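Visitor: Below you will find the structure I want to go over with you.
The values are calculated or read from the model by the stated rules, or taken from the named source; none is laboratory data. Nothing here was measured: the structure is a model prediction, and the numbers come from that model. A quick note on method: Cβ atoms are made from the backbone with ideal geometry, for glycine too, and the neighbour counts reach across all protein chains shown. Heavy atoms of the whole protein, side chains included, go into the accessibility calculation; ligands, DNA and RNA do not. Shrake-Rupley method; radii C 1.70, N 1.55, O 1.52, S 1.80 Å.
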Amino acid sequence: QYIQDFMNTFKYEGLTFDDVSLITQYADFLPGDTDISSRLTRNVSVKIPFLSAAMDTVTEGRMANAMAMMGGIGVIHKNLEPEVQAQQVSRVKHHLNGLISDPITFSTNDTLETIAIRRAEKGYSFNGFPIMDNDGKLVGILTSKDIRFSRSKRASVTDIMTKNVITASPDTNLKQAYEIMQEHKIGKLPLVDKGKLVALYSYADVRRLIENEEPLFNRDEQYRLRVAAGVGPGDYERAEILNDREVDVLVVDTAHGHTKGVIDMVSWVKNKFPHIDVIGGNIATGEAALALRDAGADAVKVGIGPGSICTTRVVAGVGIPQISAIYAAASALKGEIPVVADGGIRNSGDIAKALVAGADTVMMGSVLAGTEESPGEKIIYEGRQFVIYRGMGSLDAMKSREGSRQRYGLSDDDDIVPQGIEGMVPFAGTVSKVMKQYCGGLQASLGYCGARTIPELKSTGKFVRVSGAGAVEAHAHDIKITKEAPNYRR
Ligand code: XMP
């Protein structure tokens, strides 16, 4: 009710992050005790409420891996051929699968001695080698027990190997492998197709991934990292290929989501692939949020022009300052589906403000573009390391990439009117280093606001309107900064 009253006071005004500040509230816990998990879509949650932007200088496989391992999610951009984008999705889905795709094998012609020599030469410290016959078929497995109880070094492998090998089909997932290996008490599970070995699970790896679940990893039911990918309106073939590679979430990613093209694409995806959650965007009004919800969207993405590289507001004179836009979408949806706040995040304090305005997660471009894992080109400028970061609507991105033109509704022949710029951001280290600062900052916000969880923050958070003088006061002032802080930039 407080936020509703507050925002209604500014009904005809557009507010953004620096226009508001959060009010402290009583807390009987410490920031470190707070839980910052949230809802990404109707069916997918995140352990930290962060997405990396679907931009060609921000999210490819490496960034998406790093984001999911921190508990968030990456949206792989669509300025890639569909097959290449799908390979990036696969890379994330298979990053933690415990599957050895090219196992070390020995042949029936080997003896224990020849195997011992090869092991010493190559430094293999493990046991459990599949044994192949001369036709390349799996005929046994040489376990550490077989080796330990063998009487002679010269023994032929065929005499000592375990012959009744328990195998499984090539599509066996990590969880199924774990169950089979538990049931049969085996250390290795070869995956076999018509007698040929295609891959191998090793119990030690499988067990580590299943039993010692890293608390942060954002994983699906099969313990694979989660990943999202961008598609455009009418991108049916791309969506099909991404579905084949088991993408978790599709993001219909455009600059104007309140359009027939986006609405139609959202409902096409939901009809065709009901098991995939779909996010529609970008939007900035309640009407647009309801239209996407009615089309079947599992979340909406809000942001018309707040991004650091965006020029939409000046080129087209269109857009709504981000706090007001988030509130408009979220208040219309009333929590029915989650809201992703996309763009404009500069400092960690902006995140809690986005959440109190009604968002459930935030998407970030410039914050992550400078990391080790971003695909942006790393350059040296005046002796310091920077990373190239460009808008998807920048001249070069639009000139060279169809995905960018599609995002802005331009056909190939159009004269390009850019809505973004290209620049560079300071090198920022690893995603993990950056995300830890943003998570810590968000936990500090929750602590100050007396909220133990994001849903609690969303229902009890309160804003105060910041005056021009208040905004100056908020930043470092009357001092020359001599040492950079890892979490402060202007
Ligand atoms: P930040 O502020 O996190 O913003 O760097 C990232 C978001 O900006 C959007 N985006 C653009 N918007 N012109 C725009 O008007 C562009 O060229 C452009 N490229 C990206 C996008 O929503 C992204 O997530």
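Visitor: Conditions: (1) of a type in the set (D, E, K, R); (2) surrounded by 15 or more Cβ atoms within 10 Å (Cβ to Cβ); (3) in contact (Cβ under 8 Å) with a residue 60 or more places away in the chain. Arg465 meets all but one. Number of the miss?
Guide: Result: Arg465 fails condition (2) only.
Visitor: Turning to a different aspect of this structure: Mind checking which residues of region 472-486 are in contact (Cβ under 8 Å) with a residue 24 or more places away in the chain and either touching a Ser or Thr at 6+ places or on another chain (Cβ under 6 Å) or not in a loop (DSSP other than H, G, I, E, B) (or both)?
Guide: The one that is in contact (Cβ under 8 Å) with a residue 24 or more places away in the chain and either touching a Ser or Thr at 6+ places or on another chain (Cβ under 6 Å) or not in a loop (DSSP other than H, G, I, E, B) (or both): Ala474.
Visitor: Return the residue satisfying two criteria in turn: it lies in region 280-309 and is surrounded by fewer than 24 Cβ atoms within 10 Å (Cβ to Cβ) and within 14 Å of Val262 (Cβ to Cβ), and of such residues it is nearest to the ligand (Cβ to nearest atom).
Guide: Among residues in region 280-309 that are surrounded by fewer than 24 Cβ atoms within 10 Å (Cβ to Cβ) and within 14 Å of Val262 (Cβ to Cβ), the one nearest to the ligand (Cβ to nearest atom) is Thr285.
Visitor: Of all residues in region 254-279, which are open to solvent by 50 Å² or more (accessible area, probe 1.4 Å), under 24 Å from Asn79 (Cβ atoms) and either away from the ligand (no atom under 15 Å from the Cβ) or in a helix (DSSP H, G or I) (or both)?
Guide: Within region 254-279, Lys260, Asp264, Trp268, Lys272 qualify.
Visitor: Shifting gears a bit: I need every pair where a residue in region 290-319 that is closer than 12 Å to Gly393 by Cβ has its Cβ under 6 Å from the Cβ of a residue that is assigned to a helix (DSSP H, G or I), sequence separation at least 6 or different chains.
Guide: Cβ pairs passing all conditions: Gly305/Thr312; Gly305/Arg313.
Visitor: Right, next: If I ask for residues that are charged (D, E, K, R) and open to solvent by 100 Å² or more (accessible area, probe 1.4 Å), which ones from region 370-384 would you list?
Guide: Glu377, Glu382, Arg384
Visitor: From the list Ser21, Ser38, pick out the single residue that is at pLDDT 95 or above and touching a Ser or Thr at 6+ places or on another chain (Cβ under 6 Å).
Guide: Ser38
Visitor: Would you point out which residue out of Lys185, Lys163 is over 30 Å from Ala64 (Cα atoms) and without any contact (Cβ under 8 Å) to a residue 12 or more places away in the chain?
Guide: Lys185
Visitor: Quick test for you: out of Gly447, Gly429, pick the one residue that is farther than 23 Å from Gly281 by Cβ and surrounded by fewer than 16 Cβ atoms within 10 Å (Cβ to Cβ).
Guide: Answer to the selection: Gly429.
Visitor: Moving on to the next point. Might you let me know whether region 126-143 holds any residue that is modelled with pLDDT under 85, part of a loop (DSSP other than H, G, I, E, B) and crowded, with 17+ Cβ neighbours inside 10 Å?
Guide: Yes, there is a match, as at least one residue in region 126-143 is modelled with pLDDT under 85, part of a loop (DSSP other than H, G, I, E, B) and crowded, with 17+ Cβ neighbours inside 10 Å.
Visitor: Here is a follow-up. Checking the condition over 19 Å from Ala68 (Cα atoms), in contact (Cβ under 8 Å) with a residue 60 or more places away in the chain and open to solvent by 10 Å² or more (accessible area, probe 1.4 Å), which residue from Val417, Val387, Val434, Val356 passes?
Guide: Going through Val417, Val387, Val434, Val356 in turn, just one is over 19 Å from Ala68 (Cα atoms), in contact (Cβ under 8 Å) with a residue 60 or more places away in the chain and open to solvent by 10 Å² or more (accessible area, probe 1.4 Å): Val417.
Visitor: Sort out which residues of region 209-233 are over 20 Å from Thr41 (Cβ atoms) and free of Cβ contacts under 8 Å to residues at least 40 places away in the same chain, and write them in order of number.
Guide: Ile210, Glu211, Asn212, Glu213, listed by residue number.
Visitor: Looking only at helices (runs of 4 or more DSSP H) that fall completely inside region 1-106, which ones have 2 or more residues that are open to solvent by 20 Å² or more (accessible area, probe 1.4 Å) and without any contact (Cβ under 8 Å) to a residue 40 or more places away in the chain?
Guide: Because the criterion is at least 2 residues that are open to solvent by 20 Å² or more (accessible area, probe 1.4 Å) and without any contact (Cβ under 8 Å) to a residue 40 or more places away in the chain, the helices (runs of 4 or more DSSP H) in region 1-106 that meet it are 2-9, 82-93.
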